[in-house]
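Scroll down for the structure; my scribbles are underneath it.
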Amino acid sequence: KGIENHTLLRVSQVLGEVMGNPNRIAVLSGPTFAREVAQGKPAAVVIASDNEELAGRIQGALRGPTLRLYTNADLIGVEVGASLKNVIAIAAGVCDGLGLGSNATAALITRGLAEITRLAVAMGGKPLTLMGLAGLGDLVLTCTGQLSRNRTLGQKLASGEQLADILGSMRMVAEGVQTTYAALELGQRFQTDLPIIGQVGAILDGVKTPREALRELMDRSLKGE
């Protein structure tokens, strides 16, 4: 999952270029930690594809007593939700690391979802997709789950650790770092306001401390929801 830097292509688009047959591509996403799936704990995910027949076949092949699959034709919405939730999860980790409490985390998740939805819709996705498993579901899990790598990275940033040191100590990839920059480029391309993602970028670049970024978000001009 993710967005290719510089080209800003989604994974399905990259695969389509490589394979030469985009009609044979489907993507799987949803609120799942691989460890819990491997342990047989219940989970639900989405199979997205322009090819309804292909999505249905995958849905039937992968279903099981602990894994429920839904189909969706909105590749853009599913892929954007899967990618950008990692950026918001970094911000959620920062909130947790600063000890800001549950109110702040809930507000961040809600407004983060609004940002993701704005961009996905501007790119051609459907808002209802972002209300489902590949949007809200995955966002909540990644922002609150103890197994979230991106949330952990945000916690460490809030504690004062340097980004290079954090990444060097991690055994797995925190996709949200590179996705932050791709998302900001997409925001410029589609003229979409992404204030939370912008502040995450400033923290990652060392331009602002986590508390400075928080203060700027809270001091933004007042507006309707």
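Let me have the 222 nm mean residue ellipticity of the chain computed from DSSP H runs of 4+ only, each contributing -39500 (n - 2.57), with the sum over all residues rounded to the nearest 500. Each step should come with its number before you reach the end.
Working: 12 runs with 130 residues, N = 225.
Taken over the chain, the calculation gives -17500 deg cm²/dmol.
Could you order peptides 92-100, 214-222 by the average number of other Cβ atoms within 10 Å of their residues, highest first?
Working: 92-100: 21.4, 214-222: 10.6.
Sorting 92-100, 214-222 by mean packing, highest first, produces 92-100, 214-222.
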- line: So the angle from the long Cα axis of helix 75-97 to the longest Cα principal axis of the chain, reported in degrees to the nearest 10, equals 30 degrees
query: Which FRET efficiency value, to the nearest 0.05, do you get for R215 and A122 by plugging their Cβ-Cβ distance into 1/(1 + (r/R0)^6) with R0 = 35 Å?
result: 0.80
Dipole in debye (nearest 20) - the chain, about Cα centre, beta carbon charges: Lys, Arg +1; Asp, Glu -1: 460 debye
statement: Pseudo-spin-label distance N21 to Q188, built 7 Å along Cα→Cβ, given in nm, is 3.8 nm
- prompt: Out of (1) 18.0, 54; (2) 17.3, 50; (3) 24.3, 90, which label holds the value of Rg and Dmax of the Cα atoms in Å that was computed here?
  reply: (2)
- line: Violations at 31 Å Cα threshold for listed pairs K126/K223; K41/K85; K85/K208; K126/K156 -> K126/K156
query: Just going by the charge dipole of the stretch 145-193, with Lys and Arg at +1 and Asp and Glu at -1 on Cβ, which of Y181, A158, Q191 is farthest out on the positive end?
result: A158
task: Please list the equivalent ellipsoid semi-axes of the stretch 71-204, computed as the square roots of five times the alpha-carbon gyration tensor eigenvalues, in descending order and whole angstrom.
output: 23, 15, 14
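Laboratory data are not the source of any read-out in this text; all were calculated from the coordinates shown. Everything numeric here is computed off the predicted structure, so don't read it as measured data. Counting neighbours? That spans all protein chains shown, and the Cβs are built from the backbone with ideal geometry, glycine included.
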